1. If I go through the range A:208-222 residue by residue, how many of them are away from chain C (no Cβ under 14 Å), within 18 Å of A:Thr103 (Cα to Cα) and either open to solvent by 10 Å² or more (accessible area, probe 1.4 Å) or in a loop (DSSP other than H, G, I, E, B) (or both)?
2. Which of the residues spanning the range C:365-381 are touching a Cys at 6+ places or on another chain (Cβ under 7 Å) and open to solvent by less than 30 Å² (accessible area, probe 1.4 Å)?
3. C:Lys203 passes all but one of (1) over 13 Å from the mean Cα position of the chain (by Cα); (2) at pLDDT below 95; (3) open to solvent by less than 60 Å² (accessible area, probe 1.4 Å); which number fails?
4. Filter the range B:53-76 down to the residues that are more than 8 Å from chain A (Cβ to nearest Cβ) and either under 25 Å from the mean Cα position of the chain (by Cα) or within 20 Å of C:Ile21 (Cα to Cα) (or both) and list them by number.
5. Name the residue that is farthest from A:Ser175 (Cα to Cα), counting only residues in the range A:301-348 that are more than 14 Å from chain C (Cβ to nearest Cβ) and open to solvent by 20 Å² or more (accessible area, probe 1.4 Å).
6. Go through the range A:191-207 residue by residue and tally those that are closer than 13 Å to A:His230 by Cβ and more than 10 Å from chain C (Cβ to nearest Cβ).
7. Limited to the range C:398-433, what total is found for residues that are open to solvent by less than 20 Å² (accessible area, probe 1.4 Å) and either farther than 25 Å from C:Cys337 by Cα or touching a residue at least 24 places away in the same chain (Cβ under 8 Å) (or both)?
8. Considering only the range A:7-23, I want to know if a residue exists there that is farther than 25 Å from A:Asp122 by Cβ, touching a strand residue (DSSP E or B) at 6+ places or on another chain (Cβ under 8 Å) and not in a loop (DSSP other than H, G, I, E, B).
Amino acid sequence: MHDKTLTQLANALDSGELSSRELTEHYLQRIQQSDAMLNSFISVTADHALEQADAADQARAKGNAGFLTGLPLALKDIFCTQNIKTSCGSKMLDNFIAPFDATVVEKLKAAGTVTLGKTNMDEFAMGSSNESSYYGPVKNPWDLTAVPGGSSGGSAAAIAAGLTPAALGTDTGGSIRQPAAFCGITGLKPTYGRVSRYGIIAYASSLDQAGPMARSAEDCAHLLNAMAGHDARDSTSMARGVPDYTDTLSAPLSGLKIGLPQEYFGEGLDPDVEKAVREAVSVYESLGATVREVSLPHTHYAIPAYYVIAPAEASSNLSRFDGVRFGHRCDNPSDLIDLYKRSRAEGFGEEVQRRILIGTHTLSEGFFDAYYTKAQKVRRLIRQDFLDAFEDVDVLMGPASPTPAFDLGANKDPVSMYLQDIYTIAVNLAGIPGISVPAGFVHGRPVGLQILGTHFAEAQLLNVAHQFQQITDWHLQRPAFAEESA
Amino acid sequence: MALEDSHVRRAAHLARLAVSDEQASDFVEDLSRILDMVDQLQSVNTDGVSPLAHPLDATQRLRADEVTESNQRDNFQRCAPAVENGLYLVPRVVE
Amino acid sequence: MQWETVIGLEVHVQLATHSKIFSGASTAFGAEPNSQACAVDLGLPGVLPVLNEQAVAMAVQFGLAVHADIAEVSVFDRKNYFYPDLPKGYQTSQMYHPIVGPGEVEITLDDDTTKRIRIHHAHLEEDAGKSLHEDFHGMTGIDLNRAGTPLLEIVSEPDMRSAKEAAAYLKAIHSIVTYLGISDGNMAEGSMRCDVNVSVRPKGQETFGTRAEIKNVNSFRFVERAIAFEVERQIELIEDGGTVVQETRLFDPERDETRSMRTKEEANDYRYFPCPDLLPVVLDQAYLDHLRGQLPELPADKRERFQHELGLSAYDASVLSASRDMAEFFEEAHRVCGDAKQAANWVQGELSGALNRENLSISDSPVSAKQLGELVVRVLDDTINGKAAKQVFQAIWHGEGDSADAVIESKGLKQVTDSGAIEAMIDQVIADSPAQVAQYRDAEPEKRGKMIGYFVGQVMKASRGTANPQQVNGLLKDKLDALL
């Protein structure tokens, strides 16, 4: 059952072959059996899930089922869920029971999905390995000595291990695409503004975007159908029609113009990863696509620009965690300043504190223009690189990450960790959509092909990814872990 | 731009983070490396380029002036560390 | 040495929207603590702001009223600092691109001269909550109902040179925002709050002295008193060889002094940057034209019109245009009676006196503008004389009748103009007053004018005040002179 895609499971529910309760119980049981090893969930909401499953089965019996009705999924623990702990991977929110649902959660509930639980993540989504979580690192089901990527590492690992057929993640600098690549699943970061951010705990507001993670592009298309759309509660969500993303999945790719950014195939790229990616590109050529090299000349400056903008926004976004209205509060504060300083020092982990400090410093008097204003100007140049490239090609392709999943504990130095996001981070600065699809293995660890499109080109990305998955089976492969633990 | 201990301490104070001497020196080291990396930005020619705050060139939508929220104080204060008579409590604030 | 005072004001005006600037929570005053603080106001994790269109419209209306440039694009910034009444750890404000650009306000001084005070800009921002310092076991209680209430912060240029000018400016702002209906202007409830920047410099010097900022000076009177104290403090300090430090001071109305708020205050670093949760606010010309078309006549225009079209004195025009309620009352009374000077006299005389005695505002007046206008009509058409008119006014004020006519009728105050009837009364008074008649006859002719007053009084008394005084005068004089 757990080797099936969301789409296959939906068909099984629809045919009556399977009930949502059976499906939900099956995944809950798998989580119970094997998650101790992976640590991909922070909270498992079994009772809640079974209630939702029963409600879904009843709805189906009455003929009120949509495509997603009764399908289980997991939510990164960054989405506020009413009456369910929402920790954001932090001690700061270890005691936080959210009093409301995020808009995306509301939408998925309305579509009849079943929430299995909340997945582990880098603390406040700050990380690329899932090692910064207060709840401990997540392991990669393909190799338990490797990281699953981050920050949506729990979601990616849980899908790869067959603990959930799908999950939601968020992506601020690659946090959906990189763990999807590391865990051999499919993950889509939509255009900034495509999916509401309301109720998603903010890391960097001008970069954060939620997206679907699943086993196939087709699954992602179904999930995005339910997630996307304008939300009156989010000023940055766009009032723009939402197509049915499954309608165009089968469109032929002949004549598709693919660009390979030369900067994405340079120094630092693992040669085996490069080989896998170039082979994937040649699959597209066999489907009638044409390939040419393009340049994104400011690629090199994406990480520096990101590490000004994201920490600056984060330093302000995380000020609300002050021990007054919710979250961790230190014992016996001697005065107000002590309350603030100790609550925050105790509640936030090291990486979060590091980014708050960078952001505070770069925004402060005397540094603001040199850092923040400069980074925003460079951000415009980076976006322009993409817009120029999309004048000539339909999509861009390249690796999602320079290497396959690295070993747990391998990147102790923050800067070397940051450089892992070299191929994903510019996408968030530009606000364009990107998808990572499985495209092979290097030493038993998955490789992700990243496909990028222009603003609001999700349907095209899903189509391009789906066509690849029609003639390859990288996305259907399963780690031994998933089978052994069955 | 070299980062000094005083910068880190000032940022920690502004950000209300208690930082020990040992942590401060670690932060100085880490942040210095990060800022060295960030300093690559200075080599980009940005003459005539305006800053980009949002990835889309969209404008603010306005909300009708209507009261849509009802009193949810009990719901919201369930997750509060200290409340009394509906008020959030903090150590005495001296004006 | 001759000193010159330099004053600039930052006025925070609470805008009279129904809901908050970034959330759908109510802005009503006086609710149970935290019952009007929604998830957005509390800064719960994951919440986002959405801008209230009415707050924008009100800010623009103010801008248009002070002839300011309205920004085609304005941007919200975050002002970062920690304080328990500031739930998100930042205040959403407009630092770099405010919605209202440079403009100006005309103020009227005591000698009826006017002066233009430049407005540097006005920006939208959210209000903070309130800290309650009653004893909660040594703790402070935080009420966030006010958090997120829209404020328009109006920043003047340092154009004022005296406490009186500052007070006049504040009154002018008060009058504009209440005319526009964008604020209730209630200073006691904090709907309008004022920070005052004061410095002194030797007369003739071009550069400004170091200024002190006096926070939360929340009445017209306090503004004058706080400035007076502060100016004296600064001059004394400098003359004693000291220097003024740039600092924030608090006015204490009890002791009538300002004092330094935080002596060890560190320099703030608010780390302003554009709020990534809000997008640029873009206003087009059609929108501005639409709002311009809806602007009411403003105090300065009204004053001008009252003076030059209605022929009122500068003083009357200024008093009657100071508040929208007063101006509207006057205009309605004028519309009904058709005589601007009479209407002005009645509004400023009998009506204002009665309102002051009972401490009522003009909007609570028991005598309506229509009733007052009708009363004036009856004076103008000689139905009643001035004395009776005051009686009629009092009667309506106390609810003894709905209209001037009803009171005149019920109290029989209609003026007697029938000369036969008046002559009969005069004959009777002359017959009853032989001694006074004799005195009148024996008096020097130039003294007789004064002596006639006695007889007028007697006749008026006999008529219970209803006889036409001019007629009584004329007829009496004829009859008495006939006796000479």
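The values are calculated or read from the model by the stated rules, or taken from the named source; none is laboratory data. Keep in mind the model is a prediction, meaning the values are calculated, not measured. Virtual Cβ from ideal backbone geometry, glycine too; neighbours counted across all protein chains shown. Just the protein is used for accessible areas: all its heavy atoms, side chains included, with ligands, DNA and RNA removed. Shrake-Rupley method; radii C 1.70, N 1.55, O 1.52, S 1.80 Å.
1. 1
2. Kept after step one, since they are touching a Cys at 6+ places or on another chain (Cβ under 7 Å), are these residues of the range C:365-381: C:373, C:376-377, C:380.
Residues satisfying the conditions are C:Gly373, C:Val376.
3. Unmet for C:Lys203, out of (1) over 13 Å from the mean Cα position of the chain (by Cα); (2) at pLDDT below 95; (3) open to solvent by less than 60 Å² (accessible area, probe 1.4 Å): (3).
4. Step one: list which residues in the range B:53-76 are more than 8 Å from chain A (Cβ to nearest Cβ), which gives B:57, B:59, B:62, B:64-71, B:73-74.
Listed by number, the residues that qualify are B:Asp57, B:Thr59, B:Leu62, B:Ala64, B:Asp65, B:Glu66, B:Val67, B:Thr68, B:Glu69, B:Ser70, B:Asn71, B:Arg73.
5. Filtering the range A:301-348 for residues more than 14 Å from chain C (Cβ to nearest Cβ) gives A:301-305, A:307, A:330-331, A:346.
Pick out the ones that are also open to solvent by 20 Å² or more (accessible area, probe 1.4 Å) and you get A:301, A:331, A:346.
On the way: A:Tyr301: 19, A:Asp331: 34, A:Glu346: 25 Å.
By that ranking, first place goes to A:Asp331.
6. Within the range A:191-207, the first condition is being closer than 13 Å to A:His230 by Cβ, and the residues that meet it are A:191, A:193-198.
Those left that are additionally more than 10 Å from chain C (Cβ to nearest Cβ): A:191, A:194-195.
Total meeting the criteria: 3.
7. Filtering the range C:398-433 for residues open to solvent by less than 20 Å² (accessible area, probe 1.4 Å) gives C:401, C:404, C:407-408, C:413, C:415, C:422, C:426, C:429, C:433.
The next check asks that each one be either farther than 25 Å from C:Cys337 by Cα or touching a residue at least 24 places away in the same chain (Cβ under 8 Å) (or both); those that pass are C:404, C:408, C:413, C:415, C:422, C:426, C:429, C:433.
Residues flagged as open to solvent by less than 20 Å² (accessible area, probe 1.4 Å) and either farther than 25 Å from C:Cys337 by Cα or touching a residue at least 24 places away in the same chain (Cβ under 8 Å) (or both) within the range C:398-433 amount to 8.
8. Start the filter on the range A:7-23 by keeping residues that are farther than 25 Å from A:Asp122 by Cβ, which leaves A:7-23.
From the residues that got through so far, the ones that are touching a strand residue (DSSP E or B) at 6+ places or on another chain (Cβ under 8 Å) too are A:20, A:23.
Subsequent filtering for residues that are not in a loop (DSSP other than H, G, I, E, B) retains A:20, A:23.
Within the range A:7-23 (the criterion being farther than 25 Å from A:Asp122 by Cβ, touching a strand residue (DSSP E or B) at 6+ places or on another chain (Cβ under 8 Å) and not in a loop (DSSP other than H, G, I, E, B)), the answer is yes, since at least one residue qualifies.
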